[in-house]
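The values are calculated or read from the model by the stated rules, or taken from the named source; none is laboratory data. A quick note: this is a predicted structure, and the numbers were derived from the prediction, not measured. Neighbour counts are summed over all protein chains in view; Cβ atoms, including those assigned to glycine, are modelled from backbone coordinates with ideal geometry.
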Amino acid sequence: MLDYRFVDGTRLTSVIEALIFASPEPISWEKLAAIIKESEEEIELDRIVIEQVVDQLNNRFEENDLSFRIDETGGGYTFITQPRYHPWLSIYQHENAYRRLSQPAIETLAIVAYRQPITKPEVDSIRGVDSGYILRQLLEKMLIKVSGRADSPGKPLLYKTTDHFLKHFGINSVDELPKPREIDEILKDDDMAEHRRLLMERQLEIEDEDAKKLFEDFEKEHDEGETETTDNS
């Protein structure tokens, strides 16, 4: 089965590789099997065969010393970069960290992830501020979803994380989230300290750039104002 070729000579392994590569989201083995069966009815693929194909592809990637592998995460298969290349990508990732999620959003998302399903009043109580705007942002980013209503006065909405949340953080289930004790250990790690330093430096650069632009805009408006006064006189 692993050596199967279609009528045009295309290998089954190459087709599966192409489907995983082209999918914007992790693609499940059931979806892969269904797509292939739609084209070639005689082929019956199950999870074991798909796993064997993925293993074969990953072995080929390793033999050719490629920077990526296929990984099962977020309920399906997707391409990921090899861990040894992460230092090369860390600066890029840290530069975009604040653009992806703000600190209040990360804080709110963590509360939902660890306490789900949870209502807005419960989130507000933990954070000490109104979280309505942040929850709407997380809903728009498809990181959380409404999972029902609580059996309490007012029947407030219940929120929980989504499959997109799992993909965003590279895990298969919320059970894989680090425990609070593990988070403390991670934060004490030297590598994590370096990451925090890079984030802080980048944030300061952004703040300096914003301050410089504001000052330049102020000077421009001031100069234009003086020019108008001179013309009037």
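Would you call Gly128 at pLDDT 90 or above and on the phi > 0 side of the Ramachandran plot?
Against the criterion (at pLDDT 90 or above and on the phi > 0 side of the Ramachandran plot), Gly128 qualifies.
Got at least one residue in the range 141-163 being over 11 Å from Leu109 (Cα atoms) and in contact (Cβ under 8 Å) with a residue 60 or more places away in the chain?
Yes, there is a match, as at least one residue in the range 141-163 is over 11 Å from Leu109 (Cα atoms) and in contact (Cβ under 8 Å) with a residue 60 or more places away in the chain.
Across the range 112-128, what is the total count of residues that are in contact (Cβ under 8 Å) with a residue 24 or more places away in the chain and out of contact with any strand residue (DSSP E or B) (no Cβ under 9 Å at 6 or more places or on another chain)?
The number of residues fulfilling the criteria is 2.
Out of the residues in the range 10-24 meeting the condition of being in contact (Cβ under 8 Å) with a residue 24 or more places away in the chain and aliphatic (A, V, I, L, M), tell me which one is farthest from Tyr77 (Cα to Cα). Working first, answer last.
Initially, the range 10-24 is screened for residues in contact (Cβ under 8 Å) with a residue 24 or more places away in the chain, giving 12-13, 16-17, 20-21, 23.
Then drop every residue that is not aliphatic (A, V, I, L, M), which leaves 12, 16, 20.
Values: Leu12: 16, Ile16: 10, Ile20: 6 Å.
Among those that are in contact (Cβ under 8 Å) with a residue 24 or more places away in the chain and aliphatic (A, V, I, L, M), it is Leu12.
Ile27 - would you say it is in contact with a Ser or Thr (Cβ under 7 Å, 6 or more places away or on another chain) and of a type outside the set (S, T, N, Q)?
For Ile27, the condition - in contact with a Ser or Thr (Cβ under 7 Å, 6 or more places away or on another chain) and of a type outside the set (S, T, N, Q) - is not met.
Give the range 118-132 a look and list any residue that's in a loop (DSSP other than H, G, I, E, B) and crowded, with 17+ Cβ neighbours inside 10 Å, or say none.
At the first step, the residues of the range 118-132 found to be in a loop (DSSP other than H, G, I, E, B) are 128-131.
Passing the criteria: only Ser131.
Quick one: which of Thr108, Thr78 is in a strand (DSSP E or B) and modelled with pLDDT of 90 or more? Outline the logic, then answer.
On the way: Thr108 fails: in a strand (DSSP E or B).
One residue alone meets the criteria, Thr78.
Take the range 46-78 and flag every residue that is free of Cβ contacts under 8 Å to residues at least 24 places away in the same chain and either among the aliphatic types (A, V, I, L, M) or touching a helix residue (DSSP H, G or I) at 6+ places or on another chain (Cβ under 8 Å) (or both).
Within the range 46-78, Asp46, Arg47, Ile48, Glu51, Leu66, Ser67, Phe68, Arg69 meet the criteria.
For the range 8-65, give me every one of the helices (runs of 4 or more DSSP H) that falls completely inside it and has 2 or more residues that are on the phi > 0 side of the Ramachandran plot and surrounded by 17 or more Cβ atoms within 10 Å (Cβ to Cβ). Working first, answer last.
Details: elements: 12-22, 29-39, 47-63.
Here the list is empty.
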